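Data block below; observations after.
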């Protein structure tokens with residue numbers, strides 16, 4: 001495939017957009033991205049954002065935590081910033097651990113960055129068709145209702161090590 005979503009979606013179909021991302025599209029993003037701003041990163045080791053950040057760091061990604069309530073602290077060795085405007089460097093992807101209602105404002109902030117990120121990634125259960133449309137109109141790739149940690153593990157075969165059915169039958173260890 002060419003790295004685009006498997007199907008063009010109508011606005012009404014975006015509620016179920018997570019069903020339509022091709023493996024090639026997700027794999028392309030995970031290969032292209034190196035630096036991620038994680039909106040809603042938590043200092044609490046029991047929160048999903050914390051272990052998602054830790055996993056992605058272990059895979060070679062730089063994750064910059066964005067959380068106005070934790071400014072002045074570090075999460076997994078990275079200083080926390082208050083907003084996207086405070087990022088210390090350009091990022092390739094904005095990963096959003098916030099409610100769907102907050103996404104449009106975050107996308108507007110992302111589009112104000114120079115240079116702009118190339119990807120907006122909304123975590124599991126986070127969907128915003130309007131924000132996705134805005135980001136895509138600006139040339140960004142968008143993923144909704146998925147977790148890059150899970151997708152990385154699935155596409156690299158690591159989920160299979162834990163007994164999960166990844167839908168791929170092979171005797172060879174896959175690499176990203």
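Just so you know, all these numbers are worked out from the coordinates, no wet-lab data involved. As the structure is a computational prediction, the values presented were derived from the model and not from experiment. Counting neighbours? That spans all protein chains shown, and the Cβs are built from the backbone with ideal geometry, glycine included.
Relative to the current alpha-carbon distance between residue 51 and residue 108, full extension at 0.36 nm per residue lengthens the span by 17.8 nm.
Normalised size of the range 14-147, defined as Cα radius of gyration per 2.2 N^0.38 Å with N residues, equals 0.97. In this structure, residue 89 and residue 24 have a Cβ-Cβ separation that, at R0 = 25 Å, corresponds to a calculated FRET efficiency of about 0.30.
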